[in-house]
Amino acid sequence: MIVKVVVLTGAGISAESGLATFRDVDGLWQGHHVDDVATPEAFHRDPAVVHKFYDDRRRELRTVAPNAAHVALARLEQLLGDDLLVVTQNVDDLHERAGSSRVVHMHGELLSALCESCQGRFPWDDDLGDSPTCPACGNDTLRPDVVWFGEMPYDLDLIEKALVRADLFVAIGTSGAVYPAAGFVRMAARAGAKTLELNLDLSETTHLFDDARQGPAGKVVPEWVA
Ligand code: BV8
């Protein structure tokens, strides 16, 4: 019997690697109001502030490594192949660095730059400064290739097709605070999938899952994959 699995990850899976989450006590949004750093309006109002917010995170990302939870999901992909899809809300590259290749970054990627003029995408080169020019069209309209509030997440069609065909939906390290990701559990359950939440503590959507286990991802994810 083919088991099709969709795993949704959030900032909590990268916490033990040392990357801040958004809403925990020392989360990213502390000291940074979402409206000042994670909306298109913020970027057009003061691009330097937004570039600095992402430059700081990009610099920090280069100093951390995947943890046991990322490694366990990469091992699960070796077992399940195309029957596993990891959908991440995270913009870090820790899933890929742990060995996962079937990863959808629905909120974009920290190490990618997007040109607002020609829509070209390029690896983010560290010293792009705060008015980087597009290597393709030459305009100084490069922005972080991340999905801000009010912007359409990437690959929603692909994700929804996987959710309605899933036998099992697992959410790992996400508060269930942001849509449309927070609604994926309902979509999977409605289509008949079993649902499991692995999280440090209860989330805003724990009550929607068939099963929920609390604990650090670096412990509960390898236990689940084993
Ligand atoms: C959209 C990328 C529609 C950037 C992010 C009113 C006005 C405007 C919009 C809305 C509105 N009401 C609703 C909306 C929609 C809005 C939304 O949901 N707002 C919320 C706040 C109510 N959503 C959007 O705007 C989305 N787009 O709706 O578009 C549309 C339709 C048509 C046309 C155009 C548009 C886009 C949202 C994407 C925003 N970008 N990130 C960046 O990274 O800087 S959001 C960001 O926060 C993450 O990507 C993630 O999605 C989200 C939630 O974060 P989590 O990953 O869950 O992390 P969090 O800190 O919250 O929780 C951590 C969890 O881990 C906790 O539960 C904790 O217990 C646990 N944990 C901690 N340590 C561990 C652990 N677990 C295990 N082990 C540990 N060690």
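The relative contact order of the stretch 114-207 comes to 22 percent, based on Cα pairs under 8 Å that sit 6 or more residues apart. Seen from E109, the other residues with C-beta closer than 11 Å to its C-beta sum to a net charge of -2, counting Lys and Arg as +1 and Asp and Glu as -1. Rolling a 1.4 Å probe over the protein chains gives K194 an accessible area of about 130 Å². Note on the stretch 13-92: with charges restricted to the Cβ of Lys and Arg (+1) and Asp and Glu (-1), its dipole about the Cα centre is near 220 debye. Within the straight-line cut-off of under 21 Å between alpha carbons, the lysines reachable from K194 are K4, K161, sequence neighbours fewer than 8 places apart in one chain being disregarded. In the context of the full protein assembly, T133 retains an accessible surface of approximately 80 Å², using a probe radius of 1.4 Å and ignoring ligands and nucleic acids. Using C-alpha pairs under 8 Å with a sequence gap of at least 6, the mean separation divided by the residue count of the chain gives a relative contact order of 23 percent. Of interest is the spacing of the C-alpha centroids, which for the stretch 59-111 and the stretch 124-191 amounts to 14 Å. Largest first, the residues E223, E197 sort by 1.4 Å accessible area into E223, E197. Take each peptide in 178-184, 58-64, count the other Cβ atoms within 10 Å of every residue, and average; sorted highest first, the result is 178-184, 58-64. Backbone phi angles across the stretch 102-111, fed through the Karplus curve with coefficients 6.51, -1.76 and 1.60 (θ = phi - 60°), yield HN-Hα couplings of 9, 10, 10, 8, 5, 10, x, 9, 4, 8 Hz in residue order; Gly and Pro are listed as x. Taking the Cα centre of the stretch 89-140 as origin and assigning +1 to Lys and Arg Cβ atoms and -1 to Asp and Glu Cβ atoms, the resulting dipole is close to 340 debye. Taking the Cα centre of the stretch 36-138 as reference, the dipole from Cβ charges on Lys and Arg (+1) and Asp and Glu (-1) amounts to some 220 debye.
The values are calculated or read from the model by the stated rules, or taken from the named source; none is laboratory data. This is a predicted model, so every value here is computed, not measured. With ideal geometry, Cβ positions are generated from the backbone for all residues, glycine too; neighbour counts draw on all protein chains shown. Note: areas computed on protein heavy atoms with side chains; ligands, DNA, RNA excluded. Shrake-Rupley method; radii C 1.70, N 1.55, O 1.52, S 1.80 Å.
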